[in-house]
Amino acid sequence: MDPAAILIPAIMLAGGAILTGVRVLFEYERGVVFRLGKLTRAKGPGLVFLVPFGIDRLRKMDLRIVALDIAPQDTITRDNVSVRVNAVVYFRVADPTKAVIEIEDYYFATSQLAQTTLRSVIGQSELDELLAERERINEVVREIIDAGTDQWGIEVTGVEIKDIDLPQEMKRAMAKQAEAERERRAKVINAEGEYQASTKLVQAAEIIEQFPVAMQLRFLQTVTEVAVENNSTTLFPLPIDLFSPFVAESKRASPEARARALKAATDAMLGSALPAAAEAGLVGDGAESEALRGAARRLLDEVQAEKAAHAAESDDDEGSERSD
């Protein structure tokens, strides 16, 4: 018998056995092996040898984390607000044997469980909790889904709510609420500012009460600030306190001394005030200055007339005494 006739079929048989019995699995893959339909164990990664000619069959399972996008869910919160919520679930195959035997399609099953769980948790929460405590709701949804998929060999690593869509009416109501809250804060801040300012004004009034000259200095400072603007004419009163020393002195002096003192004070005031006022733009250099000087002269004439009347009364009194 020719040995080549036996060797060639043997080589072909060995080659077919190698082709059907050798598998290479990546690091993130595992292979669940069935021998004549019965589960043996999960193998991998690397080079895996199977019983050839279809006796052992292998099903590959990917162990990487899968990002599952949950379709937007229309639901109603506990306080009867209609919202539209979508989220994403991160999970991975922790036990490839259970993922093959216990569930037909673990991907679809996990998606459906995530949708129902999300709707249930949103329905048990109020809108304010949903907006303010999103991290807590994410953790609650993750724990529920993880407990439901544990028997399938699936591990849920995280759940994140991506978007919460509210009705337009609710958005307008929330905007009004936020605006009212801002107005309340502004009024409170304004009231606190008024209170602090009033406290400082009281302290300033107490200081000015002890030192009246401070009011005159403040008045002069205000005049200086007003004089900066030369595009307008400003009339300001002179405080009567500036003339109090002259009034007190005039009460103790004779009419002649009063007249001389008043004339000197008027000339000094006009001589110093008019140039400053003209320079500040408060009065002019021509007719207005002459008008002020004329008013001062009329005031002096009235004083002289009072002096003459007083002298006449004195003469009449002396004549009456001589007659007696």
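Assorted remarks:
- Scope the stretch 147-165; condition under 16 Å from residue 119 (Cα atoms) and touching a strand residue (DSSP E or B) at 6+ places or on another chain (Cβ under 6 Å); matching residues: 159, 160, 161, 162, 163, 164, 165
- Looking only at the stretch 2-59, and only at residues there that are on the phi > 0 side of the Ramachandran plot and assigned to a loop (DSSP other than H, G, I, E, B), the one that is nearest to the chain's Cα centre (by Cα): 44
- Restricted to the stretch 60-85, and to residues there that are outside any strand (DSSP E or B) and either without any contact (Cβ under 8 Å) to a residue 24 or more places away in the chain or touching a helix residue (DSSP H, G or I) at 6+ places or on another chain (Cβ under 9 Å) (or both), the residue that is nearest to residue 109 (Cα to Cα) is 63.
- Being under 29 Å from residue 139 (Cα atoms) and either of a type outside the set (Lys, Arg) or surrounded by fewer than 16 Cβ atoms within 10 Å (Cβ to Cβ) (or both) holds for only one residue in 53, 34, 108, 26, and it is 108.
- Residue in the stretch 91-104 that is nearest to residue 19 (Cα to Cα), counting only those that are in a strand (DSSP E or B) and in contact with a Gly (Cβ under 9 Å, 6 or more places away or on another chain): 93
- The residues of the stretch 26-52 that are among the aromatic types (Phe, Trp, Tyr) and either touching a Phe, Trp or Tyr at 6+ places or on another chain (Cβ under 8 Å) or touching a residue at least 24 places away in the same chain (Cβ under 8 Å) (or both), listed by number, are 28, 34, 49.
- Unmet criterion (only one of (1) surrounded by fewer than 16 Cβ atoms within 10 Å (Cβ to Cβ); (2) assigned to a helix (DSSP H, G or I); (3) among the aliphatic types (A, V, I, L, M)) for residue 88: (2)
- Looking only at the stretch 124-164, and only at residues there that are part of a helix (DSSP H, G or I) and of a type in the set (S, T, N, Q), the one that is surrounded by the most Cβ atoms within 10 Å (Cβ to Cβ): 149
- Qualifying residue in the stretch 30-41 (condition: modelled with pLDDT of 90 or more, of a type outside the set (A, V, I, L, M, F, W, C), closer than 30 Å to residue 165 by Cα and touching a helix residue (DSSP H, G or I) at 6+ places or on another chain (Cβ under 6 Å)): no
Let's see how each residue does on (1) in the same structural domain as residue 98 (by TED's automatic domain parsing); (2) charged (D, E, K, R); (3) in a strand (DSSP E or B); (4) surrounded by fewer than 13 Cβ atoms within 10 Å (Cβ to Cβ):
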| site | (1), (2), (3), (4) |
| --- | --- |
| 122 | yes, no, no, no |
| 178 | no, no, no, yes |
| 182 | no, yes, no, yes |
| 191 | no, no, no, yes |
| 198 | no, no, no, yes |
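The values are calculated or read from the model by the stated rules, or taken from the named source; none is laboratory data. Given the structure is predicted, the values throughout are model-derived calculations rather than measurements. As a convention, Cβ positions derive from the backbone with ideal geometry for all residues, glycine included, and neighbour counts pool all protein chains shown.
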